[in-house]
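What follows draws every value from the coordinates through simple rules; no lab data is involved. All figures in this text were calculated on a predicted structure; none of them were measured in a lab. Positions of Cβ are generated from backbone atoms using ideal geometry, with glycine treated the same way; all protein chains shown enter the neighbour counts.
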Amino acid sequence: MPTSKAEDLRAQILELVRQFQAASAHQPDFVPGQTPIPYAGRVFDADELVYLVDAALDFWLTTGRFALGFEREFARFFGVRHAILANSGSSANLLALSCLTSPELGERRLAPGDEVITVASGFPTTVNPILQNGLVPVFVDVTIPTYNVDVSQLEQACSERTRAVMLAHTLGNPFDLDAVVAFAQRHHLWLIEDCCDAVGALYRGEQVGSFGHLATTSFYPAHHITMGEGGCVLTGSPLLKRLVVSFRDWGRDCWCEPGEQNTCGKRFEWQLGDLPPGYDHKYTYAHLGYNLKPTDLQAAIGLAQLKKLPGFIDARRRNFDLLYQGLRDREEFFVLPQATPGAEPSWFGFPLAVRPQAPFTRDQVVRYLEARRIATRLLFGGNLVRQPAYREATYRTVGSLPHSDAIMNQVFWVGVYPGLRPAMLDYMLEVLHAATRELASAGSRA
């Protein structure tokens, strides 16, 4: 069957996009001390540009065929039934937590004043949805050097108001899922896994994100794959999937895809709330929702990235191992990161804790690296209860959170993302070794 002129033109345009990328792609030589070494970044080729332009030619600006394709493939990767795209990982966290406040969950719904256990050392948008829904975070400490929840504090954190646990797999290192899942089951709690930094991480051979009732991911450029912006909620529950979609799509009760109508077959036959019988189901609202959908342009980029995900994960692990082996002779100064027993991390970064007895501080090492064009990052918010945003928040803590304070004062991390070249990693090791020598010497002279 002959193709139409439009189809021929589309094929020509996409071929020109490939040629453009080949002509414009250029990776300058790495010059130590001059070429910046980012902590993270986008890694792409012609495929992403072709998918993006293909979606643009459709001019379907909300979620469409690329979003549906991505959700199907991403759910398959995690081994769960449902993946629901959102416009960011932070939005995904908001949706995952908010859906648990739905009246449709009956006695298990979260209500204002209920408690959610989380860690104090983390990223704010793992915690913010708890407060935004009128709930109370209960902060527990973490362990060093896994940087994950101290599971020995979970029972102490639990009260008669505890209803859920929301934890991140820190820097791609899974938390102790055996202990956390058993705790949640024992107390009939919801479990949300924040996998925004951990796509592809395994625990006892299974994908993280497949253990909890809900899981979230992020597609910000720093993450394992990117859409520029974007996120996703994962669940095995058809009910929770429908609730997430409702909160994402203005709170509406209708579950039609964008551009579709009457999926339920009785669009004008419902009688809900105090609405008149037959009120249009597309304009019936069950929740106080949002509009947190991504565009199909974003999803198209993500679908191309998803094909590269296994290679990206392998590269992150190789880069991590190279840094780890190269720094084993500096353990007198640094606490090296450690995988959780039973876990195979999908590393987001390489964290280092400067030992309290070291003759230099974390801040001195960070400044030394940054002056030599090596990007560093702190471990997110350090101890969140020390952050100005939470001064007036209602929360509980378990103990004094000493390890969270140690992270705030002593920990930083450098990148392991797939865009790092071997010469960059060698230079990072060279500079870290030089930093320990020079800063220690300066400290001894002082």
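Where in the stretch 241-303 are there chymotrypsin sites (Phe, Trp or Tyr not before Pro) that are in a DSSP coil and have at most 11 other Cβ atoms within 10 angstrom of their Cβ?
Details: sites: Phe247, Trp250, Trp255, Phe268, Trp270, Tyr279, Tyr283, Tyr285, Tyr290; in loops: Trp250, Trp255, Phe268, Trp270, Tyr279, Tyr290.
Answer in residue order: Phe268.
Counting every alpha-carbon pair across the stretch 54-305, the share separated by more than 24 Å comes to 46%.
Need one number: % antiparallel among DSSP beta bridges in the chain, to the nearest 5. Before the final figure, lay out each step's value.
Details: 25 of 44 bridges.
Roughly 55 percent of the beta bridges in the chain run antiparallel, per DSSP.
For an R0 of 25 angstrom, estimate the FRET efficiency from the Cβ-Cβ distance between Arg437 and Arg377 and round to the nearest 0.05. Efficiency, rounded to the nearest 0.05: 0.60.
Taking every DSSP bridge with both residues inside the stretch 54-305, close to 45 percent are antiparallel.
Extension gain, Leu272 to Asp178, is 29.7 nm, computed as 0.36 nm per intervening residue step minus the present C-alpha separation. For the stretch 309-445, report the % of Cα-Cα distances exceeding 28 Å. More than 28 Å apart: 25 percent of the Cα pairs in the stretch 309-445.
GNM on the chain, alpha-carbon springs under 10 angstrom: the most fluctuating residue among Pro277, Pro38, Pro294 is Pro277. Here Glu370 and Trp255 are evaluated by their C-beta separation; at R0 = 51 Å the FRET efficiency comes out at 0.55. Its Kirkwood hydrodynamic radius, worked out from the mean inverse distance over all distinct Cα pairs, puts the stretch 148-208 at 12.0 Å. Under the simplified labelling scheme, the Gln27-Arg391 pair shows an inter-label distance of 4.7 nm, with each label point 7 Å from Cα along Cα→Cβ. Electrostatic bookkeeping for His403 treats Lys and Arg as +1 and Asp and Glu as -1; over the other residues with beta carbon under 13 Å from its beta carbon, the sum is -3.
Within the chain, helices built from complete DSSP H runs that reach 30 Å or longer along their own axis (Cα positions) and carry a mean Kyte-Doolittle hydropathy of -1.0 or higher are 422-445. For the pair Thr3 and Asp426, the difference between a 0.36 nm per residue extended length and the Cα-Cα distance amounts to 147.1 nm. With viscosity 1.306 mPa s and temperature 10 °C, the Kirkwood radius over alpha carbon pairs of the chain converts through Stokes-Einstein to a diffusion coefficient of 68 µm²/s. Would you mind telling me which residue in Thr217, Thr118, Thr394 has the biggest mean-square fluctuation in a Gaussian network model of the chain, where springs connect alpha carbons within a distance under 10 angstrom? Most flexible of the set in this elastic network: Thr394.
With 23 Å as the limit, the listed pairs Lys266/Lys293; Lys241/Lys293; Lys5/Lys307 have Lys266/Lys293; Lys5/Lys307 beyond it between alpha carbons.
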